[in-house]
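Chemist: If you scroll down you'll find the structure; I have some questions about it.
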Amino acid sequence: SLCAGDAPSLSYQELKDLKKTKVLHVDVRERWEIDKFGKIPASVNIPLGELVEALQMDPTEFKEKYSQKMPAKSDPVVFSCLAGKRSRQALSFATSLGFS
């Protein structure tokens, strides 16, 4: 299930369309879930338990740890998980940290 700012729920097609633009897709599932069920292409895995810390990292540290440019607070970000609960929590965390 997918969540993004103004659209708390996205369809697969909406995500595909968004990925044609500059959007950071963060998969907040646990690493064992990625290993078991597979990685979503062009997504970065940041487990929900690490997300608040990750979004407050120094950009250089973020890039080293996640091999991805750290998003600015105004950059488009999409969160996904297995059922939608964690992606909604991720969206709430990001919003509370000032991400729009």
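The values are calculated or read from the model by the stated rules, or taken from the named source; none is laboratory data. Predicted, not measured: the structure shown is a model, and the values here were computed from it. Please note: Cβ atoms are built from the backbone with ideal geometry, for glycine as well, and neighbour counts cover all protein chains shown. Ligands, DNA and RNA are stripped out before the accessible areas are found, and what is left, the full protein with its side chains, is counted by its heavy atoms. Shrake-Rupley method; radii C 1.70, N 1.55, O 1.52, S 1.80 Å.
Chemist: Please name whichever of Q89, V44, A54 sits farthest to the positive end of the charge dipole of the chain, dipole taken about the Cα centre and charges placed at Cβ: Lys and Arg +1, Asp and Glu -1.
Modeler: V44
Chemist: I'd like the carbon and sulfur percentage of the solvent accessible area for the chain, probe radius 1.4 Å, heavy atoms only, ligands and nucleic acids excluded.
Modeler: Details: 3300 of 5980 Å².
Here carbon and sulfur together make up 55 percent of the probe-accessible area.
Chemist: Mind checking which lysines have their Cα closer than 23 Å to the Cα of K73? Skip sequence neighbours fewer than 8 apart in that chain.
Modeler: K16, K19, K20, K22, K63, K65, K85
Chemist: Also, quick follow-up: Kindly provide log₁₀ I(q)/I(0) values, in the same order as q = 0.11, 0.13, 0.19, 0.27 Å⁻¹, from the Debye equation applied to equal alpha-carbon scatterers of the stretch 25-97.
Modeler: These q points yield log10 I(q)/I(0) values of -0.24, -0.33, -0.74, -1.46.
Chemist: Scan around N45 for amide H atoms under 5 Å from its own, H built in the peptide plane at 1.01 Å from N, and keep only partners 5 or more places away or cross-chain.
Modeler: D27
Chemist: I'd like the accessible area for I40: 1.4 Å probe, protein heavy atoms, all chains in place, Å² to the nearest 10.
Modeler: Per-residue accessible area (I40): approximately 50 Å².
Chemist: Accessible area per residue, 1.4 Å probe, Å², for the stretch 25-97: what's the number?
Modeler: Numbers: 4150 Å² over 73 residues.
Value for the stretch 25-97: 57 Å² per residue.
Chemist: Relative to the Cα centre, what is the charge dipole magnitude of the chain, using +1 at the beta carbon of each Lys and Arg, -1 at the beta carbon of each Asp and Glu, and rounding to the nearest 20 debye?
Modeler: Values: 15 positive and 13 negative charges, 53 e Å.
Dipole about the Cα centre, nearest 20: 260 debye.
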